[in-house]
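Single-structure report; data block below.
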């Protein structure tokens, strides 16, 4: 299965493409969509929409995952985030992709085991899980990868019901941490 994970924002929207099979996940591509702060909001949204459409056309994901909106102290920021999410979701909907949404807490817990993990902890775990040594400094990239991983973890739990702990470990080596 190929998943596109999207971390939306009006200035920076990141997306990551993951190939996921029964036994492993691998990164195909990641990119940061950058908008200028001087560009008006409608043009930013258009650029996000067109960029996600191009990514879908180029990489042909099977499913789309995105972070849900979270409530900020600044209502304007929350509204703008909602607009960016809408532009990305519309691109996926126009390509008939199944769309799943995950809360920031759920994404962090899925990747790090801690729903209160910092963005830096999430970045570290993403790098560890996918064996990526030099992730870009921009945390939006690692967040988009984490969103795709969260979707895969959720999906694999639904489709790969294990009969025992040994069965689970055998079928999910990427989720087992050895000390």
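Of note:
- Number of the condition not met by residue 115 [criteria: (1) part of a helix (DSSP H, G or I); (2) surrounded by fewer than 23 Cβ atoms within 10 Å (Cβ to Cβ); (3) in contact with a helix residue (DSSP H, G or I) (Cβ under 6 Å, 6 or more places away or on another chain)]: (1)
- Residue within the stretch 92-109 that is more than 18 Å from residue 14 (Cβ to Cβ), touching a helix residue (DSSP H, G or I) at 6+ places or on another chain (Cβ under 6 Å) and surrounded by 13 or more Cβ atoms within 10 Å (Cβ to Cβ) present: yes
- When residue 70 is tested against (1) touching a helix residue (DSSP H, G or I) at 6+ places or on another chain (Cβ under 8 Å); (2) modelled with pLDDT of 95 or more; (3) under 29 Å from residue 155 (Cβ atoms), just one condition goes unmet, and that condition is (2).
- Scanning the stretch 28-44 for residues that are in contact with a strand residue (DSSP E or B) (Cβ under 7 Å, 6 or more places away or on another chain) and more than 16 Å from residue 63 (Cβ to Cβ) gives 30, 31, 32, 33, 34.
- Taken together, the residues in the stretch 44-78 that are in a helix (DSSP H, G or I) and surrounded by 12 or more Cβ atoms within 10 Å (Cβ to Cβ) amount to 16.
- Selection of the stretch 32-50 for residues being within 24 Å of residue 149 (Cβ to Cβ) and in contact (Cβ under 8 Å) with a residue 40 or more places away in the chain yields 32, 48.
- When residues of the stretch 153-168 are limited to those that are touching a helix residue (DSSP H, G or I) at 6+ places or on another chain (Cβ under 9 Å) and modelled with pLDDT of 70 or more, the one surrounded by the fewest Cβ atoms within 10 Å (Cβ to Cβ): 154
The values are calculated or read from the model by the stated rules, or taken from the named source; none is laboratory data. The structure presented is a predicted model; accordingly, all values stated were derived computationally and were not measured. Virtual Cβ from ideal backbone geometry, glycine too; neighbours counted across all protein chains shown.
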